[in-house]
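Q: Pasting a structure here, questions to come.
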Amino acid sequence: MKSNSSKLPQKVHPSNDPSEFNPLSYSLEKFRLYETRARFYLIGSDRNKQFFRVLKIDRMEPSDLNISEDPVVYPPQEVKSLLQRIAEGNRATGGLNFVAKVYGIAGCIKFLESYYLVLVTKRRQIGSICGHAIYSIDESQIITIPHVSVQTDVAHSKTELR
């Protein structure tokens, strides 16, 4: 009995075949976090750095979490232009600063006052399922979301820091 497995189509990661681009079918694998006084910008890219998405996190609320996802899928040149425009528009309040290169968001947590962003900063592949990599988290980083200028005294208390 012959196997028909050789006739089955091979699954190709969407970011490896630009001719079959579907903005809803690729995955973001690497992220760069930038900050201004008013917002964090998490820029996600696919494996080949061909497609980029933007997540905006408001930093002006001391105890609320406001996150918005830009619906646009940006090519490399447009995301560079976007970052330049953000930097120019925020020059008077400190500009746009690079914070970290990350592999994902593990979550957002709130203790007494402020929300915190839990980021995956180092990962290690430990296996694969059906061709999809499975990673363990080797290092993470916790970043306070509200800008220091809007944080209350509770955000700096011993209880919050503990």
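Q: From the residues in region 129-143 that are open to solvent by less than 60 Å² (accessible area, probe 1.4 Å) and at pLDDT 90 or above, which one is nearest to the chain's Cα centre (by Cα)? Explain how you work it out, then say what you get.
A: Going residue by residue through region 129-143, those that are open to solvent by less than 60 Å² (accessible area, probe 1.4 Å) are 133, 136, 143.
The next check asks that each one be at pLDDT 90 or above; those that pass are 136, 143.
Details: Ser136: 17, Ile143: 13 Å.
Checked region 129-143; the qualifying residue nearest to the chain's Cα centre (by Cα) is Ile143.
Q: To continue, here is another question. Suppose we keep only residues that are of a type outside the set (A, V, I, L, M, F, W, C) and within 22 Å of the chain's Cα centre (by Cα) within region 114-128. Which one would you say is least open to solvent (accessible area, probe 1.4 Å)? Spell out how you get there, then give the answer.
A: Of the residues in region 114-128, the ones of a type outside the set (A, V, I, L, M, F, W, C) are 114-116, 121-125, 127-128.
Then keep just the ones that are within 22 Å of the chain's Cα centre (by Cα); that gives 114-116, 121-125.
Details: Ser114: 1, Tyr115: 56, Tyr116: 24, Thr121: 36, Lys122: 97, Arg123: 67, Arg124: 125, Gln125: 107 Å².
Among those that are of a type outside the set (A, V, I, L, M, F, W, C) and within 22 Å of the chain's Cα centre (by Cα), it is Ser114.
Q: How about region 100-156: which of its residues are in contact (Cβ under 8 Å) with a residue 40 or more places away in the chain and of a type in the set (Gly, Ala, Ser)?
A: Ala100, Gly104, Ser114, Gly131, Ser149, Ala155
Q: Right, another one. Residue by residue through region 54-71, note down the ones that are over 17 Å from Leu119 (Cα atoms) and open to solvent by less than 60 Å² (accessible area, probe 1.4 Å).
A: Pro62, Ser63, Ser68, Asp70
Q: Pairs needed: first member in region 70-88, within 16 Å of Thr36 (Cβ to Cβ); second member anywhere, assigned to a helix (DSSP H, G or I) and open to solvent by 30 Å² or more (accessible area, probe 1.4 Å); C-beta distance under 7 Å; at least 6 residues apart or different chains.
A: none
Q: Determine which single condition Phe111 fails, assuming it passes every other condition in (1) at pLDDT below 90; (2) open to solvent by less than 40 Å² (accessible area, probe 1.4 Å).
A: All conditions pass for Phe111, except number (2).
Q: Something else now. Restricting attention to region 83-98, report how many residues are under 23 Å from Leu117 (Cα atoms) and under 19 Å from the mean Cα position of the chain (by Cα). Please lay out each step first, then the result.
A: Of all residues in region 83-98, those under 23 Å from Leu117 (Cα atoms) come to 83, 86-87, 90, 93-98.
Within this subset, residues satisfying the condition of being under 19 Å from the mean Cα position of the chain (by Cα) are 83, 86-87, 96-98.
Residues that pass the stated criteria total 6.
Q: Which residue out of Gly94, Gly131, Gly127, Gly104 is closer than 21 Å to Leu65 by Cα, out of contact with any Pro (no Cβ under 6 Å at 6 or more places or on another chain) and not polar (S, T, N, Q)?
A: Matching residue, one of Gly94, Gly131, Gly127, Gly104: Gly104.
Q: Would you check which residues across region 72-118 are hydroxyl-bearing (Ser, Thr, Tyr) and out of contact with any strand residue (DSSP E or B) (no Cβ under 7 Å at 6 or more places or on another chain) and list them?
A: Result: Ser81, Thr93.
The values are calculated or read from the model by the stated rules, or taken from the named source; none is laboratory data. Model, not experiment: these values are computed from the prediction. We place every Cβ from the backbone using ideal geometry, glycine too, and count neighbours over all the protein chains shown. To get the accessible areas, we keep the full protein, side chains included, count just its heavy atoms, and leave off ligands, DNA and RNA. Shrake-Rupley method; radii C 1.70, N 1.55, O 1.52, S 1.80 Å.
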